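Trainee: Supplied in structure tokens, the structure appears directly below.
Just so it is clear, none of the values below were taken in a lab; they were calculated from the coordinates. The shown structure was predicted, so the numbers you read here are calculated from the model rather than taken from an experiment. Ideal geometry is used to build each Cβ from the backbone, glycine not excepted, and the neighbour counts take in all protein chains shown.
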Amino acid sequence: MRLLFLGDIVGRSGRKAVVEALPGLRKRYDLDFVIINGENAAGGFGITEGILDDLHDAGADVVTLGNHAFDQKDTLVYIERRDTLLRPLNFPKGTPGKGAGMFKARNGMDVLVINAMGRVYMTETDCPFRAIDNELTACRLKQGADAVFIDFHAEATSEKQALAHFVDGRATAVVGTHTHAPTSDERVLPGGTAYMSDAGMCGDYQSVLGMDTGEPINRFLTKIPKGRFEPAEGPATVCGLAVDVDDKTGLAARVSPLRIGGVLSKIEPAFWVA
Ligand SMILES: [Fe+2]
Ligand SMILES: [Fe+2]
């Protein structure tokens, strides 16, 4: 099974790049399943139902979120009827929506997708390790699901790497999101779980985390807000992680970053390019 994950979409530039590129990527790589983190898709803050529709139309199977999950207040309402939109699993009990779901891939296989949030340098949540452990205990690889994909939305690489090793052999892949900068540490862990500390954002990299540089610089200099954070509007780089799944075990066979467009160097998953 061929699985593609794309990191945090930031604003119009990120949306445009993903919506334009994804149909071609699905075809070119013959993708079975596509997950996108959309927590910054609406002007940098959260996601609207219309944007969710656009991402599905372009070829996304599941959209994950993070600390910005509910920045668009409507999300609290519509997330309850949109099964393909996941917010962090370890949000307080009673939070609308859900943090994990089972989805059908194009090849007929069942994919469990989990979205969870870290706790180091982040707002307080329940323990992500225990929350994910509960899901994996209830749904074992090749018993409950053919593949298990975890989007771990966290700041600290230590927490991301610890979580990945904690689930190594029980999940197909753990990919980090939230820092908006792609790391070059993608690998398959000893137990067979693919890992990358951060997928990077889908946004304009001539920016501060996808935002115009003026206001971030101002806040570091003065601590006095002068205006709002506005997404940078230059051409976006589509950034993510390609995972080739061993269908017999549900573990990762091969893993590669993917970077297309914008100012970052292009990277295509060699094992999917003829
Ligand atoms: Fe983000
Ligand atoms: Fe985030």
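Trainee: Report the gain in length on full extension from ARG130 to LYS93: 0.36 nm times residue separation, minus Cα-Cα distance, nm rounded to one decimal.
Mentor: Working it through step by step, the gained length comes to 11.9 nm.
Trainee: On full extension of the chain, what length is gained from THR123 through LYS27, given 0.36 nm per residue of separation minus the C-alpha to C-alpha distance?
Mentor: Working: separation 96, 0.36 × 96 = 34.56 nm, distance 3.89 nm.
Going from the current span to full extension adds 30.7 nm.
Trainee: Could you list GLU159, GLU124 in order of exposure, starting from the residue whose Cβ has the fewest other Cβ atoms within 10 Å?
Mentor: Fewest to most other Cβ atoms nearby, the residues stand as GLU124, GLU159.
Trainee: Also, I was wondering about something else. Along the Cα→Cβ direction, 7 angstrom out, place labels at THR84 and THR137. What is the inter-label distance in nm?
Mentor: Output for this residue pair reads 3.3 nm.
Trainee: OK, next. Mind giving me the FRET efficiency for THR48 and SER158? R0 is 25 Å, r the Cβ-Cβ distance, nearest 0.05 is fine. Before the final figure, lay out the partial values.
Mentor: Working: r = 34 Å, r/R0 = 1.36.
With R0 = 25 Å, the Cβ-Cβ based efficiency is 0.15.
Trainee: Moving on to the next point. Taking every pair of alpha-carbon atoms in region 109-213, what share in percent sits in each 5 Å bin, from 0 to the bin with the longest distance?
Mentor: Spelled out per bin, shortest first, that is 2, 13, 23, 23, 18, 12, 6, 3, 1, 0.
Trainee: At LEU264 and ASP71, where each label point lies 7 Å from the Cα along Cα→Cβ, what is the point-to-point distance in nanometres?
Mentor: Using points 7 Å along Cα→Cβ, the separation is 1.8 nm.
Trainee: Could you sort 185-192, 99-106 so that the peptide with the highest average Cβ count within 10 Å comes first and the rest follow in order?
Mentor: 99-106, 185-192
Trainee: With a point put 7 Å past each Cα toward its Cβ, work out how far ASP185 is from THR249 in nm, to one decimal.
Mentor: The two pseudo-label positions are separated by 2.2 nm.
Trainee: Which order do peptides 200-208, 171-179 fall in by mean Cβ count within 10 Å, highest first? Please report the intermediate quantities before stating the final value.
Mentor: Working: 200-208: 25.1, 171-179: 27.9.
By packing density, highest mean first, the sequence is 171-179, 200-208.
Trainee: Let me know the whole percent of all Cα-Cα pairs from region 66-108 that are separated by more than 11 Å.
Mentor: For region 66-108, the fraction of Cα-Cα distances above 11 Å is 67 percent.
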